[in-house]
Structure formats: structure tokens, C-alpha cells
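Beneath this line is the structure, given in C-alpha cells, with notes to follow.
The values are calculated or read from the model by the stated rules, or taken from the named source; none is laboratory data. Bear in mind that the values here come from a model prediction, so they are computed numbers and not experimental data. Counting neighbours? That spans all protein chains shown, and the Cβs are built from the backbone with ideal geometry, glycine included. Each accessible area value is taken on the protein alone, full model and side chains, heavy atoms only, with ligands, DNA and RNA left out. Shrake-Rupley method; radii C 1.70, N 1.55, O 1.52, S 1.80 Å.
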Amino acid sequence: MKRKDTVKLISADEMEFVIDKDAVMVSQTIRNLLTSPGGFAETKLGEVTFPEISAVILERICQYFYWALQYSRGKETEFHIEPELTLELMMAANYLHT
Amino acid sequence: MERKTIELDQGWDYMHKGIKKLRRILEGLPEPPFTSEEYMMLYTTIYNMCTQKPPYDYSQQLYDKYREAFEEYITSTVLPSLREKHDEFMLRELVKRWGNHKVMVRWLSRFFHYLDRYFIARRSLPALNEVGLTCFRDLVYQEVCAKVKDAVIALIDKEREGDQIDRALLKNVLDIFVEIGMGQMDRYENDFEEDLLQDTSAYYSRKASSWIEEDSCPEYMLKSEECLRKERERVSHYLHSSSETKLLEKVQHELLVTYANRLLEKEHSGCRALLRDDKVEDLSRMYRLYCKIPRGLEPVANVFKQHVTAEGTALVQQAEDAASNAPGVQEQVLIRKIIKLHDKYMAYVTDCFQNHTLFHKALKEAFEVFCNKTVTGSSSAELLATFCDNILKKGGSEKLSDEAIEETLEKVVKLLAYISDKDLFAEFYRKKLARRLLFDRSANDDHERSILTKLKQQCGGQFTSKMEGMVTDLTLARENQASFEDYLRSNSAAHPGIDLTVTVLTTGFWPSYKSFDLNLPAEMVKCVEVFKGFYETKTKHRKLTWIYSLGTCQINGKFDQKSIELIVSTYQAAVLLLFNSSDRLSYSEIMAQLNLNHDDLVRLLHSLSCAKYKILSKEPNTKTISQSDYFEFNSKFTDKLRRIKVWDSFSAVFFLMLFSLLVVCIYWDEKDLNFVNLSLC
């Protein structure tokens, strides 16, 4: 997988997740970041750090991204959320504007 | 996950650092670009400050601070830099600052994005983007827009005078006007366009007033066309497209509308002169320029109409004057010339004037004026009919190829449209057609039918129904004659001894012919009876009336020197045949035998004894016929030809009502009509 088509998401506890760019664009916030004018040194490297999101949540979020993509392409399945994660997941979603 | 509450000052302090960094980047100072971490931190700070529980929910304050950030930057940095510059430099600075501002808005609204999601909607406040633009508009734009506008217009005028200007710069500046309207064009229109239009009007008004004095009409038009082209180009390069119609309208008004009359009426180069000199290109230009102006073409069409009328009338006058020298010929020449005139100006209408209805109308009206004038006593209807006759008859004055004939006939029919008394034309045409058909003078059947088709298309079936009937009659007559000949072959007893050709015509189709009865010689009487017998076998319930005035006979005259074939009318034949039984007859004897009236008899005898060919000799040998004259067969008569035609001055045009259903014209053919000393061959 080419570097250009992927983005690395880093959680608060320094877990790294490598995701497709398409998937990551589901998040408005991340999209804004990556398309801001001026160009980041870092966007060229494609890394984003989330100091307030834990790895568990971030992982779930990545899964959500992919599910959202699939859903928009017609595959209508269900996205299950474990109840104990719900609150944090929602807050993260709010933060990421997803 | 626990979050520390962020105090406003603390949070803002952090944000402020980010804003300062952004400002430095915009000013072009050496500053490393934002990292994604920095970005996220800034975003997160805002996010947290907005999602904290009250009283730490700082959305409102942050919203205000956002605006203040712009205001502060503008007042401290942007405005001063603009104020110290002028004209083109100011424009450049403005464009740069605007660009920067847009970038700043984008960045800050990304950072503050969370506000956009919930806060503004809840409080029905303008979005961050709008806030940013509004700051620029209220603080910067308001102050400089008048100066900017003046600078722009000055540059435009400079370009109009021929200088090169920075078109890209102007485009950028004008884009600001458009964008600052935030969806509405009102800023562009009120703050810029209005003055532009005024300035344009003034500029072109000045130009026009000097050009109209110095330049000829074509030159002026060329310049106008060029100006319009340049202005159009100007719009496409840097003005907003919505300005195009308004701008061009102003230019057109100043250059073309204000001076329309002066331009067209210019003495040696105006519309009239252009038409006179056949300046097709200039006329096309005139059309192009004026067709976009409402009612702009009317004066041009008027001049066109007057010109064509004048030319046509001149032709008619020419023909009138020349007719005294060479009667008969001039009329044909006139029609030809009128056709040419029509072709020429129709081409103008289709090419120069792009087939515009106004010009079609002008042409039509012009032709209607002079096409209905009489020339040397003949109406145009008659002239046209004579013209057709010349083309269609054998040995006519026009020797043309088939296509040329077709073309000419088409044009003639078109001319007919302009003649008001078309019925008159129909009458003249019918009479001439009858003559052509009956005396076999028609050159080509196809052409005859072709023109009838064209006339039918133009004037309707009613117009041509009789004429078509006439042509059909002839065809039927030929078939009839064939069956007559068969009939004679099978009934040899009925044969009259003379070859007889009969043409049967339908009354109503043909013009009326007068024919008075005369006492036919015995030989002819027999012929009539035989044909009647034949005809009754074919159709009953029809009455035949014989028109002797249209008949011809071929008589073999055995003169002393040699035999000569004489082609004479039926009446003349009747007179001559009398001399088969008597050598010498007096006027009164002839009259009694034939039962004619004086006028006709005098004419007849004149044609045989006092005209070119003296078949009969007259006593006394005077030039006129008197009732006491005596006539004898002139055996001494001779001529170098073997076959001569003796003209009879009967004309075939009389107006009488005929009751019969059919009218028959007799065409006697040759062989053995006796004429003194003639033996039966």
C-alpha cells in the first residue's frame, strides 16, 4: 500500500493505526486538517495524533470509518456498539465530527 | 478520561499564539508551517472550551474573539498598508490582502469549526466564514472601494486609448467586488458597474462626436464595430459577464443610436451612396450593427426601399423614352432589366440583410410601386404576358437553353407577385397561349406545363384552371384527330375528298372568338357534315360551333409561270374558290355569294388584291376597295417562293357570349382545293 493513499492515526497511548485515506475522510475534522491550505509538513507524511482519544476507542472508530464507506456503497449491515464504549465513542465522534 | 477545565484566558492565550503564527505566515515572514499536531491542538482547545460545562462554556466569548482577531489584524496591519499606496500599486496590495484574508478565514474557521456546528445554529448567528468576510467588507472594502473603482476605470480608459494594462490584476480586483457581495451582485453593480457604464457613455460620446465629423459612413461603422468587439473582449477578460449586455448597450447607444440619422444620411458615403455604389460589405456591416438595436433597421430599410423604387422607376422611364425609337423591343428589354434588378436586390436582401423580414417587405413594396406603371400605353400585366409569349413561342426573340428558360419563367412568375392586376395578366396570357396552341407556335410543351405549374403554386388553382384546360384540350384534340382519321379510313364513302384536321375546344377554357357564318363553298360544306357525323358517334349531347376565323387553308394555285402553294384563311379560301367557277366577279356578286358584311369583305378583298401578293387583279387598279370594283384571277402572278402565306387582317379577339358547349376551330389541310385551271391531283 502506497504511503500517499493511507493515513496514520495515533492514539493517546501511542497506538498507531494505518487507515486508507478514503476511510479517514469520513471524519470532517480530519478531512479539514488534511485539506487545509498551506500544506503541513506532516500531512505529507500523513500522520495525525489524537492526545485525547484512547486506542480502544480509536480502533472502534477506524472500524466505523470502514463500515460507513461500505454502507454508503450500498452494503447495508449493522454497526454494533458495545454499551460500555458508547459514551466515549459518542464524544469522540463529536470531536471528530463524524 | 478526565479533562481539565480550561480557563478562558488560558485557552485564548494558546489560541492567540496560533493566530500570531498564522499572521506571520501570511506576512511572508519565515515561519514553519503548521504541523498536524498543532492543528489538532488548536482545534481541540476550542472543542474543549465549548463542551465544558457552564460557566466554563465559552462558546459566545470564543465567537466574539474570533471576530476580534480579524478586526485587530485588519486595523493594525492591513489598512495601513493599503492607505499608503495609490493607483495600480494600491490595487495590487488590495488583491494580495484579499487573498491573505481568505486564507486566514479558512484556517481560523477550521480551528473554530466546532462553533459552526452547534453554536451558531442555536443562536441563529452568521457562520464563521461569513463573519470573516464581513469584517473585511466593513473595515477594508468600505473604505477603499471608491478609490479602487476610480483606479480601475482609469485603467480601463487607458486601455481604450491603446495602452497595455495588467488584465489579470483587473480581473482579480473585480472578483473582489463580486465575492464581497457574498452571493449578491449588488456590490459589483452599485459600487463599480454603475460608474463604469457612466464613464463608458461619456467616453464614447466624446469619440463619436469627433468621428462623426471627420469620418465617412463606412469608416465610422468600421470603428464602431471595432469598439464593440473590443468591449466584448474586455468583458470576457476581466469584467463580470453580467456587464456585457449593459456595456454594449451603452456603447451602441452613443455610437450608433445617437448619430443614426447623421450617419445614414451622410452625403457621399451614407446608406444611399453605399447602395448606389454596390458596397455590399459596408451594407452588411450596417446591417450587423443596427440589427441589435431596437427599431434600428427601419431607417435603413426605408432608404433601401427608396433606392430600389428609384432604380426601378428609372428603368421604366428609360423604356418609355426609348419606346418611341423602337417600339415592341423596349418592352422586352424592360422586363429583362426588371428581372435583373430583382435578382440583384434579392441577393442583397438574402446576403447583406440576412433575409430579414423588414427588407423583404421593403423590396416588395418598392417593386409594387414601379411594376404597376404603364409603359407606352401597355400595362405591366400585358408586358409580362408578352414577355412570356416571346419565350414560349417558336422563333421567339429569345433564344435560350432549356435551363435558362426554366429559370427565366420562375423569375417571371415571381415578378407577377408584385403586379396588382393579376387577372389582367391571366387574360393576356390566355389569349397568347391560345394563339400559340392553335397555330402550333408553342416551342416546347414541357415549358408550357412548367410555367402553368409555377403559376398555380403562386396564384392558386383557380388562376390556372382555364389555361390548363386549354393545354389538355390540345392533347385530346390530337387523339380525336387520330380517331377521326381511323373513322374516315373505315368509311371511305364519307370521305370529303379533302384532308381535314379539326381541333375541338372546350368553351369556357378558351378566350371567346367571334366567328360569323359565311356561305361555305360546297367542298367545305361536305367536310363539316362528315366531321359532325363522326363526332356524333363519339359523344352525344354536345353542340359544335365552327370558328372559321381561326382556320387556315392550303390552296394550290396554278399560275402561268408556276404553281404556288397559298396559305390563306378560311374566308380568303372561300373567296378564291369562287373563281373556280367564274373568271370575273363583281364586288356585289362576291358579297351575295358569300353573305359577308361590307367591312369584312373589303378587308378580305384588300388582302388578296391590294396587298403584297396580288392573287386577284382588280378593276380599277386602285389601292382601295370600292363597291363598284371587279375582280379577276391573276394568272400572271408569281413569286420566287413556292409557298406563301397571305395575311388576313382578321384578329381573333372578339368578346361574344357563345351558348354552345363546344367550340370548334377548323384547320383545313391541303391537297385538292380547286382553284381555277387546277386539275385534281
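Starting from region B:34-61, keep only residues that are within 10 Å of another protein chain (Cβ to nearest Cβ), then list their pairs with residues that are in a helix (DSSP H, G or I) and among the acidic types (Asp, Glu) whose Cβ atoms are within a distance under 8 Å, requiring at least 6 positions of separation or different chains.
As it stands, the answer is B:35/A:42; B:36/A:42; B:37/A:42, since those pairs meet every condition given.
For residue B:364, are the conditions met, namely being open to solvent by 80 Å² or more (accessible area, probe 1.4 Å), among the charged types (D, E, K, R), in contact (Cβ under 8 Å) with a residue 12 or more places away in the chain and assigned by the TED database to the domain that holds residue B:424? Walk me through how you get there before you give the answer.
Values: open to solvent by 80 Å² or more (accessible area, probe 1.4 Å): yes; among the charged types (D, E, K, R): yes; in contact (Cβ under 8 Å) with a residue 12 or more places away in the chain: yes; assigned by the TED database to the domain that holds residue B:424: yes.
Considered against the rule, which asks whether it is open to solvent by 80 Å² or more (accessible area, probe 1.4 Å), among the charged types (D, E, K, R), in contact (Cβ under 8 Å) with a residue 12 or more places away in the chain and assigned by the TED database to the domain that holds residue B:424, residue B:364 comes out as yes.
Name the residue that is farthest from the other protein chains (Cβ to nearest Cβ), counting only residues in region A:43-96 that are more than 14 Å from residue A:30 (Cβ to Cβ) and small (Gly, Ala, Ser).
That would be A:74.
Any residue that is part of a loop (DSSP other than H, G, I, E, B), under 57 Å from the mean Cα position of the chain (by Cα) and touching a residue at least 40 places away in the same chain (Cβ under 8 Å) - is there at least one of those in region B:149-166? Show your work before the answer.
We begin by selecting, within region B:149-166, every residue part of a loop (DSSP other than H, G, I, E, B); these are B:161-166.
Those still in the list that are under 57 Å from the mean Cα position of the chain (by Cα) too: B:161-166.
If we keep only those that are touching a residue at least 40 places away in the same chain (Cβ under 8 Å) too, we end up with B:166.
Checked region B:149-166: at least one residue is part of a loop (DSSP other than H, G, I, E, B), under 57 Å from the mean Cα position of the chain (by Cα) and touching a residue at least 40 places away in the same chain (Cβ under 8 Å).
Considering only helices (runs of 4 or more DSSP H) fully contained in region B:228-335, which possess at least 1 residues that are open to solvent by 70 Å² or more (accessible area, probe 1.4 Å) and farther than 22 Å from residue B:347 by Cβ?
Result: B:243-252, B:260-264, B:297-323.
If the requirement is being in a strand (DSSP E or B), among the hydrophobic types (A, V, I, L, M, F, W, C) and buried (at least 22 other Cβ atoms within 10 Å of the Cβ), which of these qualifies: B:604, B:576, B:566?
Numbers: B:604 fails: in a strand (DSSP E or B); B:576 fails: in a strand (DSSP E or B).
Testing whether each residue is in a strand (DSSP E or B), among the hydrophobic types (A, V, I, L, M, F, W, C) and buried (at least 22 other Cβ atoms within 10 Å of the Cβ) leaves just B:566.
For residue B:356, all conditions in the list (1) out of contact with any Cys (no Cβ under 8 Å at 6 or more places or on another chain); (2) surrounded by fewer than 18 Cβ atoms within 10 Å (Cβ to Cβ); (3) within 30 Å of residue B:257 (Cα to Cα) hold save one; what is the number of the exception?
Among (1) out of contact with any Cys (no Cβ under 8 Å at 6 or more places or on another chain); (2) surrounded by fewer than 18 Cβ atoms within 10 Å (Cβ to Cβ); (3) within 30 Å of residue B:257 (Cα to Cα), the lone unmet condition for residue B:356 is (1).
Checking the structure you have, find out if any residue of region B:580-588 is within 30 Å of residue B:620 (Cβ to Cβ), open to solvent by less than 30 Å² (accessible area, probe 1.4 Å), part of a strand (DSSP E or B) and polar (S, T, N, Q).
Yes, region B:580-588 has at least one match.
Which of the residues that make up region B:433-446 are surrounded by 18 or more Cβ atoms within 10 Å (Cβ to Cβ) and out of contact with any Lys or Arg (no Cβ under 8 Å at 6 or more places or on another chain)?
Within region B:433-446, B:433, B:434, B:437, B:438 qualify.
Of all residues in region B:156-183, which are open to solvent by 20 Å² or more (accessible area, probe 1.4 Å), under 16 Å from residue B:94 (Cα atoms) and among the aliphatic types (A, V, I, L, M)?
Result: B:168, B:178.
For residue B:156, all conditions in the list (1) out of contact with any Asp or Glu (no Cβ under 9 Å at 6 or more places or on another chain); (2) β-branched (Val, Ile, Thr); (3) not assigned by the TED database to the domain that holds residue B:62 hold save one; what is the number of the exception?
The number of the failed condition is (1).
Residues of region B:487-500 being buried (at least 16 other Cβ atoms within 10 Å of the Cβ) and not in a loop (DSSP other than H, G, I, E, B), which ones?
If the condition is that a residue be buried (at least 16 other Cβ atoms within 10 Å of the Cβ) and not in a loop (DSSP other than H, G, I, E, B), then B:487, B:488, B:500 are the ones that fit.
Modelled with pLDDT under 85 and of a type in the set (A, V, I, L, M) - does that describe any residue in region B:442-453?
yes
Looking at (1) in a helix (DSSP H, G or I); (2) in contact with a helix residue (DSSP H, G or I) (Cβ under 8 Å, 6 or more places away or on another chain); (3) open to solvent by less than 50 Å² (accessible area, probe 1.4 Å), find the lone condition where residue B:537 falls short.
(3)
Between B:329, B:308, B:280, B:257, which is of a type in the set (A, V, I, L, M, F, W, C), at pLDDT 85 or above and over 25 Å from the mean Cα position of the chain (by Cα)? Even if it seems obvious, please write down each step before you answer.
Numbers: B:329 fails: at pLDDT 85 or above; B:308 fails: over 25 Å from the mean Cα position of the chain (by Cα); B:280 fails: over 25 Å from the mean Cα position of the chain (by Cα).
Going through B:329, B:308, B:280, B:257 in turn, just one is of a type in the set (A, V, I, L, M, F, W, C), at pLDDT 85 or above and over 25 Å from the mean Cα position of the chain (by Cα): B:257.
As an exercise: evaluate residue B:515 against (1) open to solvent by 60 Å² or more (accessible area, probe 1.4 Å); (2) over 19 Å from residue B:577 (Cα atoms); (3) at pLDDT below 80; (4) under 56 Å from the mean Cα position of the chain (by Cα) and give the number of the one condition it does not meet.
Going through (1) open to solvent by 60 Å² or more (accessible area, probe 1.4 Å); (2) over 19 Å from residue B:577 (Cα atoms); (3) at pLDDT below 80; (4) under 56 Å from the mean Cα position of the chain (by Cα) one by one, residue B:515 breaks only (1).
Go through region B:110-138 and report how many residues are in contact with a Phe, Trp or Tyr (Cβ under 8 Å, 6 or more places away or on another chain) and in a helix (DSSP H, G or I).
12
Quick check on region A:21-42: of everything there that is outside any helix (DSSP H, G or I), within 7 Å of chain B (Cβ to nearest Cβ) and open to solvent by less than 50 Å² (accessible area, probe 1.4 Å), which residue is modelled with the highest pLDDT?
The qualifying residue modelled with the highest pLDDT is A:36.
Run down B:477, B:482 and say which single residue is assigned to a helix (DSSP H, G or I), hydrophobic (A, V, I, L, M, F, W, C) and more than 21 Å from residue B:548 (Cβ to Cβ).
B:482
In region B:390-405, what residues are in contact with a Lys or Arg (Cβ under 9 Å, 6 or more places away or on another chain) and open to solvent by 20 Å² or more (accessible area, probe 1.4 Å)?
The answer is B:393, B:394, B:395, B:398.
Do we have any residue at all in region B:205-212 that's modelled with pLDDT under 90 and out of contact with any Asp or Glu (no Cβ under 8 Å at 6 or more places or on another chain)?
Yes - at least one qualifying residue is present in region B:205-212.
Using beta carbons and a limit of 8 Å, which pairs, at least six apart or on different chains, have the first residue in region B:452-471 and open to solvent by less than 30 Å² (accessible area, probe 1.4 Å) and the second one outside any helix (DSSP H, G or I)?
As it stands, the answer is B:467/B:509; B:469/B:506; B:469/B:508; B:469/B:509; B:470/B:505; B:470/B:509; B:470/B:510, since those pairs meet every condition given.
Give the residue that is surrounded by the most Cβ atoms within 10 Å (Cβ to Cβ), with candidates limited to residues of region B:110-134 that are more than 10 Å from every other protein chain (Cβ to nearest Cβ) and of a type in the set (Lys, Arg).
B:123
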